[in-house]
Structure formats: C-alpha cells, structure tokens
Amino acid sequence: MKRKMYAELERWKQEEQGRTALLIDGARRVGKSYIVEKFAKAEYKSYIMIDFNRVSEEVTGLFSAYLEDLDTFFLYLSSYYNVKLYERDSLIVLDEVQLYPRARAAIKYLVADGRYDYIETGSLMSIKKNVQDIVIPSEERHLSMYPLDFEEFLWALDNDTLMDLIRLRFKEKKPLGQALHRKSMDYFRQYLIVGGMPQAVDAYASTRDFARVDRIKRDILSLYRADIVKHAEGYEMKVEQIFDDIPAQLQKHDRKFKLASLHKEARFREYEDALFWLGDAMIANLSYNSSAPDLGLRLNMDRMTLKCYMADTGLLISHAFDENGIVSEEIYKKILFDKLEINLGMIMENIVAQMLIAGGHTLYFYSNSSREDVASRMKIDFLIAKSKISNRHNISPIEVKSSKNYTLSSLKKFRAKYAQQLHTPYVLHTSDLKEEDGITYLPLYMTPLL
C-alpha cells in the first residue's frame, strides 16, 4: 500500500546520513511496521527488525551488557538474527520500542557510533511509564504517522489521477464541474465509511464488502480497549468512559466535551490525565477553544474547553452505530448515498479534524456562549493559521456543513468582530467550489489542501 511516509523516510536517509535516528509514532494498526520494513527491504543491503512485542531476553540483555562494547553488541545481534551487517548500508529497526525504553535510551550511543541507520517505531510513546527512568535521546528525529489520508485512499483504490485534478482546481479556485464533483464526493463518502486504517482500506479495496470492513474496524476498537486496560494504569476506567462516550459527545450541537455527561460531579482535574492519554495514544484528536483569533492560537487556548474527535472517522462510525454489534449495511448505504438524516454533522466534522491533523495543523475552535451579548455569541468549528505569517490577517475560520441547506450567522458575526485578524474564511460543504461575498466555499475533499 502506497504511503506518503515513504518519501519522508527517503528524505531522512538522504539528509541525515546516520546523524540521527528516526522515531515514528502513531496509533496501533496505523501501518508503522509495514512501511518501515518495506523501506528497509528496498533501500538497504540488509536490515534487522527487533520486535519488542516478542523479543527474547537474550536480545534485550545486549542493551544492558554491551553498550560500552559495540563491536560485541553488533556481533551478537548479527549472529542472533543471522543477518550480515554492512557499514552505512544496513538498517536496525527497533519496533514497538516503547515496550523496552532502555533500547530507546541506547539510541544516543548507537547513533554516535555511526556504523548503521536506526528507525524506532512505537505507540503510546509519551505515556509516562514509557519514558520514566530514561533520558530521551536528542539524536531522534520525530515523525507522526496517521491513518491513510484521502489521496492515499484513492491510491489504494487504483485512482492515481483524481487528487491531482482536485489540487489543480483548488489552486485555480475553479469548480470541478458537476460530473467530476459527483465522482469526487462518491469517493469521499467511501473514505468516510471505510476510514484510513490500512487493514480496513485493504479489505475494502479487494472486496468492496462493508460488513467485512466493519468487522476489521471492530477488531481495532477492541485492541484499543485492551490497550486502555493494560497501559492507562491508575485511570483506565476514566479513559474507557471517555472513549465510549466520544460519539455521544460529538452528537451534541456544539460538540464540546462535557464531563458532566460522564458523572454529575465530574471535575476537569479528575479527568485531565485520561483525556490527554487518549490524545497521546493518538486514538483521539483533541481540539481546544482559542478565545481570540490572534497570532499564536496556543497563547489564547483554554485547555478546559475542548472537543474530542476520533482519530479515524471509519472507526468513529463503527464505534457510534453498534446497537447490534455490527453496523448494518443500511447505515452504510445511507451515508454512501447522502441519505443519513442524523449524525452526519458529527461525522463530517470528525473527518475534517482528521484531515487537518494529517496536514500538520493543531486543532483549535472558537466558542463564545455569552448570554448577555448576542453579537458575541458564536461558534466556529476550526481556526487555522496561514503558513506565511504577516502583521495581520493570519487566521482562517472554517465552518463545516454536512447538508445543502445551512446558515452562516456565526461566521458573519465572527468576520465583523475580527476583521483585522482574519485571512480567508472557509466553508467546507458537500457542493462544488465557489467564492462569494469574501468567503471561499470548498468541497469537503479539498480540506487536505488548506
């Protein structure tokens, strides 16, 4: 399966020449090990993959006993895996390195030695128990891996040209036209349903069987629950509560996460670690309320007012519609043919959050629920900063609309109040591209191009 991450791996190898190790983190089942092994086979004369899920004590013992004698370390490692190592042409992969933090700490010495290249992969990389008692090596370059984006999904379905056309039309600010827009939305709705987890996409590409795809997604959700029980020590019940409540919270009008829904007396400080655990595990994408659309959205961030999206929208659908243990074919058909009367708003907002994160954005929204000042009462789904910062007009507000009939009262009030700070206002909707009254209306499948 073709992934954009491969080009990042090639760039790292060429630019760094062994001066840093590469750390790739991401949620479970997002495809880290697969892409790294594919890269190792194609780009190196030999490689060793140490999988800390099933490594023997003989191998882990090498990291304790021989870091001061790397000649012996590599001799034993080469003999154990029966792989000949070639100076500057072999790769050593530390897979699921979070399970053995001492190996991660050893990167400092291995990189300094300079003989071979090193890639670490893992999930839950910043969870407390996975970093305690070690010094995080400064020799790591960090990359995050996400579910397949829309273009990678198209590639998996053997369509290598559609996104190039979408990109061209976005650049020209011209609509695709009725036929191509309809085709693009058909693909986009398939992406909504299947999501971007590689196993689910692979199954869909080969079978077009939504029931089979749904079973795979449920297996992944079960794996995530098992990870919560195993790794969220001390607050696993709270993490599980939040995880199970994500669909219900997103179904609310303003999508904001309300702890009172979990427990009447719940306080943010009691659930803070649990919320951030899901974010660190890359199971959820957290979006924060920024109280003003100024340069440095983080400076105006309210950490206690947030939204909690699922990191993969395909998983959200399987998570939300689970009354019979499997999402019915009927629900999938309704989404595919744009006939789902309810819940579609949360699904569309979730996929936009997913695509913005994959595009390198941190998630922020704006919400003011003032009871005294009607002019100040508004909500904006997302705020993003433009790539080249200037003295003013740096922040773009984004509204997400899931139906053809909608109003823009909040966006209009927001433009009037913050005219000096705002760059291009966007509406992401199910129709084709147009520009009107200073607002750019984009089809949802153009979100990755923002």
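Restrict the check to the stretch 237-256 and report whether at least one residue is among the β-branched types (Val, Ile, Thr) and closer than 17 Å to residue 197 by Cβ.
yes
For the stretch 71-102, give me each residue that is basic (Lys, Arg) and more than 36 Å from the chain's Cα centre (by Cα).
Across the stretch 71-102, the qualifying residue is only 84.
Among (1) part of a helix (DSSP H, G or I); (2) touching a residue at least 60 places away in the same chain (Cβ under 8 Å); (3) under 23 Å from residue 160 (Cα atoms); (4) hydrophobic (A, V, I, L, M, F, W, C), which single condition is residue 223 missing?
Every condition holds for residue 223 apart from (3).
For the stretch 241-259, name all the residues that are under 12 Å from residue 286 (Cβ atoms) and surrounded by fewer than 19 Cβ atoms within 10 Å (Cβ to Cβ).
Result: 256, single match.
Among 275, 340, which is modelled with pLDDT of 80 or more and either closer than 30 Å to residue 386 by Cβ or out of contact with any strand residue (DSSP E or B) (no Cβ under 8 Å at 6 or more places or on another chain) (or both)?
Sole residue among the options that is modelled with pLDDT of 80 or more and either closer than 30 Å to residue 386 by Cβ or out of contact with any strand residue (DSSP E or B) (no Cβ under 8 Å at 6 or more places or on another chain) (or both): 275.
Exactly one of these conditions fails for residue 354: (1) in contact (Cβ under 8 Å) with a residue 24 or more places away in the chain; (2) part of a loop (DSSP other than H, G, I, E, B); (3) among the polar types (S, T, N, Q). Give me its number.
With (1) in contact (Cβ under 8 Å) with a residue 24 or more places away in the chain; (2) part of a loop (DSSP other than H, G, I, E, B); (3) among the polar types (S, T, N, Q) applied to residue 354, the lone miss is (2).
With (1) farther than 23 Å from residue 322 by Cα; (2) out of contact with any strand residue (DSSP E or B) (no Cβ under 9 Å at 6 or more places or on another chain); (3) in contact (Cβ under 8 Å) with a residue 12 or more places away in the chain as the list, and residue 241 as the residue in question, which single condition is left unmet?
(1)
Within the stretch 428-437, is there a residue that is closer than 19 Å to residue 296 by Cβ and in a loop (DSSP other than H, G, I, E, B)?
Checked the stretch 428-437: no residue is closer than 19 Å to residue 296 by Cβ and in a loop (DSSP other than H, G, I, E, B).
Given the residues 367, 396, 402, which is the only one that is more than 26 Å from residue 299 (Cα to Cα) and surrounded by 17 or more Cβ atoms within 10 Å (Cβ to Cβ)?
402
Kindly indicate which of 433, 411, 442, 383 is touching an Asp or Glu at 6+ places or on another chain (Cβ under 8 Å), surrounded by 15 or more Cβ atoms within 10 Å (Cβ to Cβ) and modelled with pLDDT of 95 or more.
When all the criteria are applied, what remains is 411.
Quickly run through the stretch 383-413 and pick out the residues that are in contact (Cβ under 8 Å) with a residue 60 or more places away in the chain and outside any strand (DSSP E or B).
Within the stretch 383-413, 389, 394 qualify.
Being surrounded by fewer than 19 Cβ atoms within 10 Å (Cβ to Cβ) and of a type outside the set (Phe, Trp, Tyr): is that true of residue 362 here?
yes
The values are calculated or read from the model by the stated rules, or taken from the named source; none is laboratory data. Predicted model, so just to flag it, every value in this text is computed and none were measured. Neighbour counts are summed over all protein chains in view; Cβ atoms, including those assigned to glycine, are modelled from backbone coordinates with ideal geometry.
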